[in-house]
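The structure appears below as structure tokens.
The values are calculated or read from the model by the stated rules, or taken from the named source; none is laboratory data. Quick caveat, the model's predicted, so the values are computed rather than measured. Every residue, glycine among them, receives a Cβ derived from its backbone with ideal geometry; neighbour counts consider all protein chains shown. SASA here: full protein model, heavy atoms, side chains in, ligands and nucleic acids out. Shrake-Rupley method; radii C 1.70, N 1.55, O 1.52, S 1.80 Å.
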Amino acid sequence: MTVGDDQLLSAVAEFERSVRAQEPEEMTEAHGELRVLIGDASDAALKEAGPRLAAVLDDVPLGGRADIGAMIGYCVEVGADPVVCAPGVLANLANALENAQGLVEQWATTMDFDLPDPTDIDNEHELLEPMIEAFGFEATLSWLTLSSWLTASLSMLQRKAVRQRLSTPIRELLTQRYHSYAQATDSDSKDIDYALLVLDDEPLIALDRETGTGYQLRISGIADNFQLQTLLGDALVGGGYLRGEAPSAEAVAVSRDADGRESTVCSFLFHAPDGTRIWNEAAPADIPVIDDNRVLVLDEMPYPHHFPALRYYPSMTAELVLERTLSPMECVAWFEHVRPVG
């Protein structure tokens, strides 16, 4: 390791010690050193630092906790163990969402001017002290630092290992609190919302209406149906199973794990078995479930439709595996669920 790495890990050790001993002055000094050193450290040092900071996160005073959470998210982006780092960050996100929502709703009923943007509020802002007096320190700080918790949590949720370990109650709690906060603030951001919808190791049955054939697939890490279009077109059209225009190798790569974007074409029109349209802007989680499988009906595109192939979450790796083609008898059974379009 470099001298800079040694300095960072020394600062981490002092921060751990001062947090556990609850020594405010030493903690503040070590925190400041971390902020200076973390941007120049090697990936190896950051991989070690992330879990160590996560272990003391809940003992960090509220005033500095979101900043440490952001550092943990940064460490995960370069390879720190996300499974170890995620629980504390996601728990703090849940608390921050609830507290921030309470502040927003209370502001709307008690104040006669619009709530400012949290990025405009700093330690010297004239509204900071009145807000703390009116709404409490924890609620004010949650509102001010929510963006840090959201960013750090997205670093966690872009990792399959974290999503696989996220229990249904925790996923539902985060979703409910995010929706409530978004409704209170008229926010239309979909980052956390979409990340919580992402499916992993999910069985998918694709039924091609024209040929009467069917395919058993398994999908992971696909954020929206544009991405599904590209990967499904590669597997079924590019693989020679169905006619049509297959996406390029470059478009497939950026839809899986490569950087950038590439122009590509829709290979299919998606429908649910009941004949209703499944839009590209939706997510695979919107595909209906029948007998424990997502079931998607493929129809021919009536006209060429091009779009940019990319990943909505740059750090999320997508997988689509064609496990097998269905037998004629299996296809007959699955097509019994299929109705005409519209």
Accessible area of residue 119, 1.4 Å probe, to the nearest 10 Å²?
110
Note down the accessible area of residue 290, probe 1.4 Å, to the nearest 10 Å².
30
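Kirkwood Rh and Cα-based Rg: tell me the resulting Rg over Rh for the stretch 202-342, rounded to two decimals. Write out the running numbers ahead of the final one.
Working: Rg = 14.0 Å, Rh = 14.9 Å.
Rounded to two decimals, Rg/Rh equals 0.94.
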Residue 305-residue 84 pseudo-label distance in nm [points 7 Å out on the Cα-to-Cβ vector]
4.5
The stretch 228-271 -> Rg/Rh from Cα coords, Kirkwood Rh, value 0.96
Between residue 114 and residue 175, how high is the FRET efficiency from 1/(1 + (r/R0)^6) when r is the Cβ-Cβ distance and R₀ = 22 Å? Nearest 0.05.
0.20
Surface accessible to a 1.4 Å probe, residue 178 within the full protein complex, Å²:
10
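Counting each DSSP H run of 4 or more residues in the chain as -39500 (n - 2.57), what helix-only mean residue ellipticity at 222 nm follows after dividing by all residues, to the nearest 500 deg cm²/dmol?
-16500 deg cm²/dmol
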Once the dipole of the chain is set up with Lys and Arg at +1 and Asp and Glu at -1 on Cβ about the Cα centre, which of 51, 93, 303 lies farthest towards its positive end?
303
Placing unit charges on C-beta atoms (Lys and Arg positive, Asp and Glu negative, everything else neutral), compute the dipole magnitude of the stretch 289-331 about its Cα centre in debye, rounded to 20.
240
So residue 324 and residue 243, fully extended at 0.36 nm per residue minus their Cα-Cα distance, gain in nm 27.4 nm
Taking the simple approach of a point 7 Å from Cα along Cα-to-Cβ for both residue 168 and residue 339, what is their distance in nm?
2.6
Put 35, 177, 277 in order of accessible area, largest first, 1.4 Å probe: what do you get?
35, 277, 177
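Starting from the Kirkwood radius over alpha-carbon pairs of the stretch 1-143, derive D by Stokes-Einstein at 4 °C in a medium of 1.567 mPa s and give it in µm² s⁻¹.
Values: Rh = 16.4 Å.
Taking Rh from Cα pairs, D becomes 79 µm²/s.
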For the pair residue 291/residue 276, report the inter-label distance in nm, with labels modelled 7 Å from Cα in the Cβ direction.
2.2
Would you mind estimating how fast the stretch 98-226 diffuses translationally, via Stokes-Einstein at 4 °C and 1.567 mPa s with the Kirkwood radius over Cα pairs, in µm²/s?
74
Hydrodynamic radius of the stretch 43-99 per Kirkwood, over alpha carbon pairs, in Å:
11.1
Between (i) -0.36, -0.46, -0.96; (ii) -0.50, -0.61, -1.01; (iii) -0.40, -0.51, -1.06, which entry matches log10 I(q)/I(0) by the Debye sum over Cα atoms at q = 0.08, 0.09, 0.13 Å⁻¹ as derived from the coordinates of this structure?
(ii)
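Only four residue types carry charge here, +1 at the Cβ of Lys and Arg and -1 at the Cβ of Asp and Glu. Report the dipole size of the chain about the Cα centre in Debye, rounded to the nearest 20. Show your work: numbers first, answer last.
Details: 23 positive and 57 negative charges, 310 e Å.
Approximately 1480 debye in magnitude.
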Using only the alpha-carbon atoms, what does the stretch 297-342 span along each of its principal axes? Please give whole angstrom values in decreasing order.
40, 29, 15
